[in-house]
Structures are given as structure tokens and as C-alpha cells.
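Participant: One structure coming up, written as C-alpha cells, with questions to follow.
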Protein chains: 2
Amino acid sequence: MLESTNNPNKKTWLNVTENSDFPIQNIPFGVFLTREDIITIGTRIGDTAIDLGALHQLGYFEGIPLTEDIFLQDTLNDFISDGKKTWRAVRNRISEIFDIENSTLQSNEEHKKVVLFSMDEIEMKLPVQIGDYTDFYSSKEHATNVGTMFRDPENALLPNWLHIPVGYHGRSSTIIPSGTPVRRPLGQQFPKGAEKPIFGPSRLVDFELEMAFITTDANTLGEHVPIEEAEDYIFGMVLFNDWSARDIQKWEYVPLGPFLAKNFASSISPWIVTMDALEPFRVDSPKQEPKPFPYLQQMGKHSFDIHLEVAIQPENNEATTVSKSNFKYMYWTMAQQLAHHTINGCIVNSGDMMGSGTISGPTSDSYGSMLELSWQGTKPVPLNNGETRKFIQDNDTVILTGYCQKNGVHIGFGEVSTKLLPALLQEK
Amino acid sequence: MLESTNNPNKKTWLNVTENSDFPIQNIPFGVFLTREDIITIGTRIGDTAIDLGALHQLGYFEGIPLTEDIFLQDTLNDFISDGKKTWRAVRNRISEIFDIENSTLQSNEEHKKVVLFSMDEIEMKLPVQIGDYTDFYSSKEHATNVGTMFRDPENALLPNWLHIPVGYHGRSSTIIPSGTPVRRPLGQQFPKGAEKPIFGPSRLVDFELEMAFITTDANTLGEHVPIEEAEDYIFGMVLFNDWSARDIQKWEYVPLGPFLAKNFASSISPWIVTMDALEPFRVDSPKQEPKPFPYLQQMGKHSFDIHLEVAIQPENNEATTVSKSNFKYMYWTMAQQLAHHTINGCIVNSGDMMGSGTISGPTSDSYGSMLELSWQGTKPVPLNNGETRKFIQDNDTVILTGYCQKNGVHIGFGEVSTKLLPALLQEK
């Protein structure tokens with residue numbers, strides 16, 4: 001069934017433009033407000049949003065064990081809790097319903113009226129209630145660049161980096177969907193040459209090009225997820241912009257890690273692309289030397305060939321692509337991250353989110369942050385309108401996009417687009 | 001009304017033993033399973049648990065704006081969302097109902113049968129669904145001790161420490177109530193003198209004596225909580241044992257902070273003692289020099305005189321008190337922590353939890369961790385049974401207790417008691 005759903009030759013009776021991110025081979029999951037202001041779980045084919053709550057009420061998921069209200073919720077958490085077998089059955093069924101050769105819904109105007117929406121009628125919401133959010137630091141190129149700039153070029157990678165998928169806990173409350181603007185944060189900084197710390201708006205606001213995966217319930221307290229099972233607990237992936245204030249970060253982060261420099265906002269794309277949809281795009285990840293501990297060892301292809309781009313759009317201007325990277329550069333795989341996260345017995349629940357860390361490629365035009373692209377502000381990045389950027393300026397919009405392409409199939413993530421608003425006036 | 005509720009002379013018609021942690025002046029909030037296996041929100045006076053869901057159904061909260069099911073829930077989050085005015089009205093009303101001079105419930109045997117439980121009939125649950133958990137590092141003595149051991153005794157405090165209430169994000173999923181045992185975690189370590197990292201059970205499992213506060217919805221994205229309003233958003237406090245694996249921590253924590261060394265478990269006491277109950281025990285906090293930035297400046301008494309103790313109980317043995325500390329030693333106040341946490345616009349929600357960080361006093365018998373008490377294992381701590389401890393051993397139970405005492409009133413937190421189980425056998 002999965003092969004049929006992922007079949008490159010499959011066509012749908014819905015309209016899908018060429019190179020749409022959402023052909024019938026994608027079938028992502030999201031949460032949206034319908035034109036009647038009802039919240040529902042849905043999917044998307046081309047520019048048509050599909051109300052899965054309505055489809056389910058009309059009986060289209062008959063035979064799949066689903067509770068009556070599973071799609072009439074404001075988050076995907078319960079559906080994700082149902083597990084991989086159910087996600088796959090639902091995605092396969094959606095693929096059948098919208099197959100060009102299936103006329104059941106296609107010819108039912110009454111049903112189509114309540115099930116289908118055009119994208120401009122709906123409002124996308126955060127797809128999951130994120131219980132815990134963890135951010136990894138798994139791009140060797142990024143860790144090396146940061147180590148070179150901030151520490152010692154001769155010892156850029158810290159000693160633990162090749163042994164541990166280094167990660168840390170982030171803040172769930174400020175994870176926001178694409179389209180929600182972010183304010184330039186206030187905070188303490190200690191500029192070079194200053195005699196004491198200062199307080200005010202961050203002057204070094206940056207994006208971080210990341211992807212994130214969403215998990216299902218994976219274990220109970222004290223148990224761990226074996227590496228060979230880890231992928232079964234991953235529901236899907238989104239684009240992730242981990243907003244960062246470099247000056248706040250530099251002053252606050254010793255010894256316990258980044259805090260206010262990160263937790264003012266992190267933005268995600270609203271459609272979760274399933275691991276089933278990404279299956280055809282598996283690739284090898286970089287060779288790991290030294291060999292990791294057994295609990296992190298895996299055979300086969302466990303990375304994914306996902307092209308990533310970052311664009312900066314100044315207000316009332318066109319966007320300029322400033323970086324092209326790829327998820328496949330990640331040194332540690334998602335399965336390794338999840339196995340590591342639970343090796344001590346830490347509980348992973350449905351709706352938890354894990355970020356990859358900034359995804360930098362090997363060349364200077366593939367770096368995943370302004371910190372690296374402008375090399376700490378020493379190499380301003382040119383924009384199409386003649387301006388340059390060292391970091392993100394007020395009213396700039398940062399747009400992350402991503403897609404897979406193979407055998408004529410293009411599976412995309414849509415975008416995560418976020419405008420940076422000026423800081424609120426500082427009180428006192 | 002608050003003065004009447006906190007009046008030291010107030011007596012209740014329920015039985016309360018001398019020096020009980022839960023006189024009628026306390027009235028904490030918690031969640032428990034009743035003898036009928038129904039989950040409810042409740043309070044406690046002496047050794048009697050009180051079902052607030054039942055009390056509400058019987059009309060005892062008439063006149064207070066509460067939804068019908070506000071106490072028939074498995075977490076306090078919605079009640080906490082109702083805000084300070086409502087918490088205070090409910091606590092004051094409970095105080096009236098159980099006042100020795102009020103015979104309404106006292107003389108109603110039918111009502112008493114459904115409202116009152118003895119403590120051994122019920123099972124305490126986690127009182128809130130913790131959305132985000134942050135841990136601070138706000139004891140100057142603790143930060144100095146750790147800096148002295150791990151870095152440089154001459155520069156024990158890092159440069160940011162006196163300017164910032166340093167904190168970091170923790171893991172919500174593994175916060176557990178008193179009584180839930182914890183497994184010794186597996187993980188990577190790099191012992192002194194080793195040539196490469198090793199993998200196995202942590203050998204340096206430690207407690208951290210902390211307290212934590214629970215917040216209500218405090219702000220929206222991009223806004224901050226002014227310091228003078230911060231206390232209004234704090235619902236109450238619990239005892240908090242932030243379990244730590246020192247060897248895992250040492251190897252993993254650069255540059256992004258502690259991760260697996262902490263997130264295998266953190267234990268809390270199940271009754272949340274309200275800030276209203278703690279009001280009579282306000283004291284000054286330590287003088288802050290240098291003066292903090294304006295967004296952190298406050299006048300008046302913003303700490304609390306809470307006596308804290310840690311005991312270690314080996315299996316089938318009596319417990320030994322190994323530390324006596326006090327919450328008043330904290331350099332940064334809870335209001336300062338909350339104001340700092342939101343100064344960048346980070347959202348704080350109902351049910352979020354913020355830990356104080358290890359609370360160490362000025363003397364070596366008041367340190368809040370085995371790391372400090374045994375000074376990295378160089379001074380084994382004697383137990384009453386003739387054994388000693390450098391860190392926590394398998395099947396030891398660690399018990400944190402805390403109380404306030406003034407004008408003949410004793411308000412306590414009960415305990416957080418957690419047994420450390422041996423590591424699971426390592427696979428492969």
C-alpha cells in the first residue's frame with residue numbers, strides 16, 4: 001500500500017500545479033480554521049485543503065480504527081498517539097480517495113462542499129501541542145564554524161561532539177506557526193570593549209535554518225528506545241527557524257547553555273510531512289569516525305535528501321535567497337538523536353519536537369545562519385535590492401523552504417515565513 | 001479576609017496534630033485519586049484530604065465565579081488560569097468551611113462522607129500539567145561551590161552571575177510526584193585519567209535540594225512581566241529534587257548545558273502551598289551588589305523563610321538528615337526570575353514550573369547536593385547506620401522536607417521522597 005501511495009505515476013483528480021510542494025504523493029497533516037471558523041485536522045493536495053474531520057464523519061475512513069472525534073481536535077497529538085500503523089492507514093486511504101481513478105468523492109458535490117477548501121479560505125494553526133522541545137546541534141559544519149569563530153580554530157569541535165548527539169532543552173511555549181511575527185528581544189549583552197554589561201534590544205538577531213521532527217509516545221520512565229526502533233516513533237518533519245539573539249547568547253550562556261537568546265520565538269512550517277512520504281528520499285548520512293557507542297550504531301540509509309533554502313525579504317522588496325543547504329549534511333541522524341535522548345530513561349511523548357540544530361553545508365553559501373554567512377558580521381551578505389545584511393533587520397521577513405525531488409516526484413514542506421518586528425520601547 | 005485565613009489563632013474542627021505541616025492556615029492544592037478511583041482536585045487539613053470537586057457540587061463555593069467542572073479535573077492548570085483573585089477566594093472559603101466555629105459541613109454527616117478522605121485512602125498525583133519547566137541557578141553559595149570545584153577558586157562565580165538570574169530549560173516529561181521511584185541512568189562519561197569516553201550506569205547520581213514555583217498565564221508573545229507585578233503570577237511552591245548524574249553532566253554539558261544528566265527525573269512534593277499561605281513568612285533576600293538592571297530591581301521583602309532538610313534513607317534503615325538549608329539564602333528572588341524570564345517576550349503559561357536551583361547555605365552542613373556535601377567525594381558523609389555516602393547508592397531513598405514557622409504557626413510542604421532503583425541491565 002505504501003508503494004502505491006508513493007508511486008510517482010499516481011495522479012489526483014484535484015488540481016495540482018507543476019512543482020507544487022503538495023502532490024498526491026505528499027499528504028501532510030496540519031490543523032486549520034475553516035471558513036466557518038471551526039478548527040479541524042486536515043491535509044492538503046495542491047492548493048486544496050481537505051477537512052479530515054468532515055471526511056471521517058462522512059464515513060470515508062471506515063475500517064480504520066479511529067475514535068469519532070480524532071480529527072475534530074485542535075492538535076494532532078491524539079492522532080499521533082494512535083501510532084504508525086494508523087497514520088499509514090489514514091494516509092493510504094486519503095491517497096485512494098483523491099486518486100484520479102476514484103470517483104466516489106470526486107462525483108459527490110454535496111460531500112466536496114463540506115470537505116474541500118481553497119488555501120486562502122483557511123488559517124493554519126500550530127499542528128501539535130508541543131509538550132517538550134529539544135534542540136540538537138548535529139551539523140558538523142555548523143559546530144565547526146561556531147567553534148572556529150568563538151573558540152579555537154585548531155580545536156573547533158569540542159571533545160564530546162563526535163561521541164554525543166549534543167542537544168539541550170528549549171522552550172515549547174514560544175514555538176509559533178509560519179506567519180506569526182516576532183519581536184526583536186530585549187536583553188542583557190556585554191559588547192566587546194565594554195566595561196560592564198548593557199541592557200537593550202538585541203543588535204544581533206539571527207535565524208537558524210533547521211528541520212524538526214515530531215514524535216509519538218515512545219517509552220515510559222526509565223526505559224529507552226533502541227536505535228533500530230527509533231524511526232517508528234517519528235511521525236514527520238517540519239521546517240524550523242530557531243530565532244537567536246547572538247549578543248544575548250554570548251553573555252548568558254555559560255555555564256548552563258542558551259536561554260533568553262533562544263526562547264523569544266521559534267517558528268515552524270504548519271504542515272507535518274510524514275516519514276512515509278519521505279521514504280523514497282532516504283540517503284546515507286556522513287560516515288561517523290570514531291564509531292559511536294553501540295546504542296547509537298545503525299546500518300543502512302537513515303538520512304533524507306531534503307533541499308533547503310533561506311531567503312530574506314526586506315519590507316516592500318523582493319526576497320533574496322541567502323543560503324542553500326541540505327538536511328543530508330547532518331552528522332547525527334534523527335534515530336540517533338532519539339535513541340540518545342532516551343538512553344537515560346527520559347520520557348518522550350506524542351507531540352514532542354526535536355530540532356536538528358542549524359544545518360550548514362560544506363560551502364560558504366550553504367551555511368544555516370547569518371552568524372556564519374556573514375562570518376560574525378565581517379562579510380556582509382548582499383541582497384537583490386542593493387542592500388546588505390550582517391544580521392536580520394527590523395521588518396525583514398525570513399523565509400525557509402524545503403523539498404525533496406526524485407523520479408519526477410517533488411515533495412515539499414511549504415514554507416516558514418516570519419517577520420521580525422522592532423523591539424517594544426524599553427520601559428524605564 | 002486573607003488576614004483571617006492566615007490568623008495564627010484560627011482553629012479547625014478537623015483533627016490536626018501538633019506540628020502538622022497542614023494546619024488550617026496552610027490549605028494547599030493538589031490532585032488525587034479518591035477511594036472510588038475518581039480523580040479530583042483537593043486540599044488537605046491535618047491528615048484529612050478534602051475533595052474540592054465534591055464540595056463544589058454541594059454548593060459550598062457559591063458566590064465564587066467558578067465553572068462547574070473546575071475541580072473535576074486531573075490537573076490544576078485551569079484553576080490556576082482563573083487567577084489570583086479566584087485562588088484567594090477559594091482558599092478563604094475553605095478556611096471558613098473548616099473553621100471550628102462553623103458547623104455547616106461539620107454537622108452534615110452525609111456531606112462529610114463524600115468530601116473527606118483519610119490520607120491513606122487516596123493517591124497523590126502530579127498537581128499540574130507542566131508545559132514548560134525552567135531551572136535557575138540562583139544560590140550564590142551553590143554557584144560558588146561548583147565554580148570552586150570545577151573551575152577556579154579565585155574566580156568561582158562566572159562574570160554574568162551577579163547580573164543575570166542564570167537559568168536554563170529543563171524537561172517537563174520526567175517531572176514526577178513524590179513516591180515514584182527513579183532508575184539510575186545509563187549514559188556516556190569520561191572519567192578522569194581515561195583515554196576515551198565510556199558508557200554505562202552513572203556512578204555519581206546526586207540529589208539537588210530545590211524549591212519550585214508554579215505560574216499562571218503571565219503574558220503574550222513579545223510582552224514582558226514587570227518586576228512589580230511578577231508575584232501576582234505565582235500560584236504557589238513545592239519542594240523539588242532535581243536529580244543529577246554528575247559524571248554524565250561533566251562530559252555532555254559543553255557548550256549547550258546539562259541534558260541527559262538532568263532529564264532522567266525530577267521529583268516534586270504533591271501539595272502546592274500558595275503564596276497567600278507563605279505571606280507571613282516574607283524576609284529580605286541577600287543584598288545585591290552590583291545593583292541589578294532596572295527590570296530586576298525591587299523594594300521590600302521578596303524572599304521567604306522556609307527551613308529545608310534533606311535525609312538519606314538506605315533500604316531497611318532509618319533516615320539520616322544530611323543537610324539543613326533555607327530558601328531565604330537565594331540571591332535572586334522568584335519575582336526577579338520571572339521578570340528576567342519574560343524580558344525578551346518569552347511566554348509563561350499556567351502550569352509552568354520554575355526551579356530555584358540548588359539551595360546551599362553558607363556552612364558545609366547546609367549544602368544542597370552530595371557534590372558539595374562530600375566535596376566531590378573527598379569527604380564522605382556519615383549516616384546513622386555507620387555507612388557513609390559520597391553520592392546516592394542504589395535503593396537509597398532521598399527525602400526533602402520544608403516548613404515555615406512563626407508566631408506559633410507551622411506551615412509545611414510535606415515531603416518529596418524518591419527511591420533510586422538500580423540501572424536497567426545494559427543491552428549489548
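Here, each number is a calculation from the coordinates, and none is a lab measurement. Here the structure is a predicted model, which is why all the values come from computation and not from measurement. We place every Cβ from the backbone using ideal geometry, glycine too, and count neighbours over all the protein chains shown.
Participant: Rounded, prolate or oblate: which one fits segment A:121-280, using the alpha carbon gyration tensor with axes a ≥ b ≥ c (rounded when a/c is under 1.5, else prolate when a/b beats b/c, else oblate)?
Facilitator: The shape class here is oblate.
Participant: Let me ask something else about it. Hey, which residue of B has the C-beta nearest the axis mapping B onto A, and what's the distance in Å?
Facilitator: B:Gly257, 1
Participant: Rounding to the nearest 20 debye, state how big the charge dipole of segment B:69-118 is about its Cα centre with +1 on each Lys and Arg Cβ and -1 on each Asp and Glu Cβ.
Facilitator: Charge dipole, segment B:69-118, about its Cα centre: 220 debye, nearest 20.
Participant: Also: Find every distance from the label point of B:Met149 to the corresponding label point in the other copies (7 Å from Cα along Cα→Cβ) and write them in nm, one decimal, shortest first.
Facilitator: Result, one decimal in nm: 3.5.
Participant: Among A:Glu229, B:Glu141, what is the fewest-to-most ranking by other Cβ atoms within 10 Å?
Facilitator: Lowest count first: A:Glu229, B:Glu141.
Participant: In a Gaussian network model over chain B where Cα atoms closer than 10 Å are linked, find which of B:Val166, B:Val348, B:Val254 has the largest mean-square fluctuation.
Facilitator: Sorting by GNM fluctuation, first place goes to B:Val254.
Participant: Sort A:315-327, A:256-268 for me by packing, meaning the mean count of neighbouring Cβ atoms within 10 Å per residue, highest on top.
Facilitator: A:256-268, A:315-327
Participant: Shifting gears a bit: Would you kindly work out, in nm and rounded to one decimal, the distances from the label point of B:Thr17 to those of the same position in each other copy, ordered shortest first, with label points 7 Å along Cα-to-Cβ?
Facilitator: Relative to the other copies, B:Thr17 has label-point distances of 7.5 nm.
Participant: Could I ask something else about it? Using only Cα atoms, what Kirkwood radius does segment B:72-207 have, in angstroms?
Facilitator: So the Kirkwood estimate lands at 20.8 Å.
Participant: Any chance you could tell me what percent of the C-alpha pair distances in segment B:117-193 go past 22 Å?
Facilitator: The share of Cα pairs beyond 22 Å in segment B:117-193 comes to 55 percent.
Participant: In percent, what relative contact order does segment B:167-241 have, based on Cα pairs under 8 Å that are 6 or more apart in sequence?
Facilitator: Here the relative contact order equals 25 percent.
Participant: In what sequence, highest mean first, do A:275-282, B:100-107, A:83-90, B:273-280 appear when ranked by Cβ atoms within 10 angstrom?
Facilitator: B:273-280, A:275-282, A:83-90, B:100-107
Participant: In debye, nearest 20, what is the charge dipole magnitude of segment A:133-421 about its Cα centre with +1 on Lys and Arg Cβ and -1 on Asp and Glu Cβ, if you could check?
Facilitator: About 740 debye.
Participant: What is the sum of charges, Lys and Arg at +1 and Asp and Glu at -1, for the other residues whose Cβ falls under 10 Å from the Cβ of A:His142?
Facilitator: -3
Participant: Please list, in order along segment A:313-329, the HN-Hα scalar couplings obtained from phi with the Karplus expression 6.51 cos²θ - 1.76 cosθ + 1.60 (θ = phi - 60°), rounded to whole Hz, x for Gly and Pro.
Facilitator: 3J(HN,Hα) across segment A:313-329, in whole Hz: 10, x, 4, 6, 9, 6, 7, 10, 6, 10, 8, 10, 10, 7, 4, 5, 6.
Participant: In addition: Only Cα pairs within less than 10 Å get springs; with that Gaussian network setup on chain B, which residue of B:Ile80, B:Ile198, B:Ile39 has the largest fluctuation?
Facilitator: B:Ile198
Participant: ³J(HN,Hα) across segment B:135-142 via Karplus (A = 6.51, B = -1.76, C = 1.60, θ = phi - 60°), whole Hz, x for Gly/Pro?
Facilitator: 10, 8, 8, 9, 9, 5, 5, 5
Participant: Search the structure for amide H atoms under 5 Å from the amide H of A:Val348, placed 1.01 Å from N in the peptide plane, and list their residues when 5 or more places away or on another chain.
Facilitator: A:Ala218, A:Asn219
Participant: Report, as an integer, the average count of C-beta atoms from other chains found within 10 Å of each Cβ along A:293-304.
Facilitator: So the per-residue partner count for this stretch is 2.
Participant: Considering every Cα-Cα pair within segment B:104-143, what fraction, in whole percent, is farther apart than 14 Å?
Facilitator: Cα-Cα pairs in segment B:104-143 separated by more than 14 Å: 72 percent.
Participant: Do you know the relative contact order of segment B:133-421, to the nearest whole percent, from alpha carbon pairs under 8 angstrom that are 6+ apart?
Facilitator: Computed value for segment B:133-421: 27 percent relative contact order.
Participant: If you bin the C-alpha pair distances of segment A:146-188 every 5 Å from 0, what whole percents do you get?
Facilitator: Reading the bins upward from 0: 5, 14, 11, 17, 14, 15, 17, 7, 0.
Participant: To continue, here is another question. Can you give the Kirkwood hydrodynamic radius of segment B:2-125 from its Cα pairs, in Å with one decimal?
Facilitator: 14.6 Å
Participant: Could I ask something else about it? What length, rounded to one decimal in nm, is gained on full extension from B:Ile39 through to B:Met299, with 0.36 nm per residue of separation minus their alpha-carbon distance?
Facilitator: Here the segment from B:Ile39 to B:Met299 would lengthen by 89.4 nm.
Participant: Would you please put B:167-174, A:180-187 in order of how densely packed they are, using the mean number of other Cβ atoms within 10 angstrom per residue and starting with the highest?
Facilitator: Descending mean neighbour count gives B:167-174, A:180-187.
Participant: Kirkwood Rh, the protein assembly as shown, all Cα pairs: how many Å?
Facilitator: The answer is 28.4 Å.
Participant: Could you pull the Cα extents of segment B:282-368 along its three principal axes, largest to smallest, in whole Å?
Facilitator: 51, 30, 20
Participant: When chain B is modelled as a GNM with alpha-carbon springs shorter than 10 Å, which of B:Asp365, B:Asp152, B:Asp78 fluctuates the most?
Facilitator: So, out of B:Asp365, B:Asp152, B:Asp78, the one fluctuating most is B:Asp152.
Participant: To continue, here is another question. Suppose you put the label 7 Å out from Cα in the Cβ direction; list, shortest first and in nm with one decimal, how far B:Pro422 is from each other copy's label.
Facilitator: Nearest to farthest, the other copies are at 6.6 nm.
Participant: Per residue, what volume in Å³ does the Cα convex hull of chain A take up?
Facilitator: In chain A, the Cα convex hull volume per residue is 159 Å³.
Participant: Next question, about the same structure. Round to a whole angstrom and tell me the spacing of the C-alpha centers of segment B:40-104 and segment B:285-312.
Facilitator: So the two Cα centres are separated by 31 Å.
Participant: Along segment A:143-154, what does the Karplus equation 6.51 cos²θ - 1.76 cosθ + 1.60 (θ = phi - 60°) give for ³J(HN,Hα), rounded to whole Hz, x for Gly and Pro?
Facilitator: Once rounded to whole Hz, the list reads 4, 5, 4, 5, x, 5, 6, 9, 10, 9, x, 6.
Participant: Charges only on Cβ, +1 for Lys and Arg, -1 for Asp and Glu: so what's the dipole of segment A:2-125 about the Cα centre, in debye to the nearest 20?
Facilitator: 460 debye
Participant: Can you report the principal axis dimensions of segment A:292-426 using only the alpha carbons, biggest first, rounded to whole angstrom?
Facilitator: 51, 47, 30
Participant: What's the average, rounded to a whole number, of partner chain beta-carbon atoms within 10 Å of each residue's beta-carbon in B:349-355?
Facilitator: Mean partner shielding for this stretch: 1.
Participant: Next question. Would you calculate, for the protein assembly as shown, the mean residue ellipticity at 222 nm contributed by helices, counting each DSSP H stretch of 4 or more residues as -39,500 (n - 2.57) and dividing by all residues, to the nearest 500?
Facilitator: -4500 deg cm²/dmol
Participant: Could you line up B:Ser178, B:Ser20 from fewest to most neighbouring Cβ atoms inside 10 Å?
Facilitator: In increasing order of surrounding Cβ atoms, one gets B:Ser20, B:Ser178.
Participant: Counting partner chain Cβ atoms within 10 Å of every residue's Cβ in A:259-266, what's the average?
Facilitator: 6
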